[in-house]
1. Within the range 176-186, is even one residue of a type in the set (Val, Ile, Thr) and part of a loop (DSSP other than H, G, I, E, B)?
2. Does residue 15 satisfy the condition of being outside the structural domain of residue 173 (by TED's automatic domain parsing), closer than 30 Å to residue 161 by Cα, surrounded by 13 or more Cβ atoms within 10 Å (Cβ to Cβ) and among the β-branched types (Val, Ile, Thr)?
3. In the range 39-55, what residues are modelled with pLDDT of 90 or more and touching a Leu at 6+ places or on another chain (Cβ under 8 Å)?
4. Taking the conditions exactly as written (within 30 Å of residue 158 (Cα to Cα) and either among the charged types (D, E, K, R) or loosely packed, with under 13 Cβ neighbours inside 10 Å (or both)), does residue 52 satisfy them or not?
5. I need the full set of residues from the range 64-98 which are farther than 20 Å from residue 52 by Cα and under 24 Å from the mean Cα position of the chain (by Cα), in order please.
6. Of 15, 81, 71, which residue is modelled with pLDDT of 90 or more, in contact with a His (Cβ under 8 Å, 6 or more places away or on another chain) and either of a type in the set (A, V, I, L, M, F, W, C) or on the phi > 0 side of the Ramachandran plot (or both)?
7. Which count do you get for residues in the range 171-187 that are basic (Lys, Arg), under 20 Å from residue 18 (Cβ atoms) and surrounded by fewer than 18 Cβ atoms within 10 Å (Cβ to Cβ)?
Amino acid sequence: MQDKETPPAERVRRIVEKLLEWYRGEPWWRQPNVDPFHVMLAIALSNRSDYRSVRRVVEKLAEHYPDPWSILRDPEGVKEIIRPLGLVELKTRVVLGLARLVAEAGSVEALLSLPPSEAREKLLSIPGIGEKTADVLLMALWGIDVFPVDTHIARIAARLGLVEPGTRPERVRKILEPLIPKGFRARTHLAMIRLGRNVCRPRNPRCSICPLYSLCPSANSCNPCH
């Protein structure tokens, strides 16, 4: 008998199918010639920042600092490059923490060879990296088949009636992850973030263009809803 909090697997499967028909992209970190250290930086800096701004900052960091060791030698310069993203002290600590992690391992490759459980523990030891960011890093760089949940995903799940409103992201993950088919979790994660930013927004959700309109019990009931 299913726990009352657990949405039916078939409904989640239909939601995932519709989402992935709408979102055709592949995870950006799987593109050829992407530096794994820059992937780390981009993921860690993406909290509360838009993708275009993060991309510009990471490109500038890569231009000025060819490796983690050069980042560690110039924390003030790093801070100035990061400043446009806001939360500059926190984000600088995150970048320096990741650079230190790689330096202590000896190389990015050595860090990525760690068992995921050990890597997760080390990532969580960096001030400013929480469970969601650590899980996205594990998903992108260690290839772990997880379903990280942020505030966008938690909001969409509540509007879809998959969880109660106000359910914490980590609890949302525990409910939904087993129901999302293996191999599709990374794309579903990215699709729901795109949906949350552009369509199922916190305010003024654009229900009429939502790919999940026919499956959503909250469609057109949000106030206001466009």
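1. Scanning the range 176-186 turns up at least one residue that is of a type in the set (Val, Ile, Thr) and part of a loop (DSSP other than H, G, I, E, B).
2. No, not satisfied.
3. Within the range 39-55, 39, 40, 41, 43, 44, 45, 53, 54 meet the criteria.
4. Answer is yes for this residue.
5. 67, 68, 71, 89, 93, 96, 97, 98
6. Among 15, 81, 71, only 81 is modelled with pLDDT of 90 or more, in contact with a His (Cβ under 8 Å, 6 or more places away or on another chain) and either of a type in the set (A, V, I, L, M, F, W, C) or on the phi > 0 side of the Ramachandran plot (or both).
7. Qualifying residue count, the range 171-187: 1.
Quick grid of which residues meet (1) farther than 19 Å from residue 173 by Cα; (2) part of a loop (DSSP other than H, G, I, E, B); (3) not β-branched (Val, Ile, Thr):
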| residue | (1), (2), (3) |
| --- | --- |
| 91 | yes, no, yes |
| 103 | yes, no, yes |
| 110 | yes, no, yes |
| 114 | yes, yes, yes |
| 117 | no, no, yes |
| 120 | no, no, yes |
| 128 | yes, yes, yes |
| 133 | no, no, no |
| 139 | no, no, yes |
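The values are calculated or read from the model by the stated rules, or taken from the named source; none is laboratory data. Note that the structure is a prediction, hence the values are computed from the model and not measured. Reconstructed Cβ throughout: ideal geometry from the backbone, glycine too, with neighbour counts over all protein chains shown.
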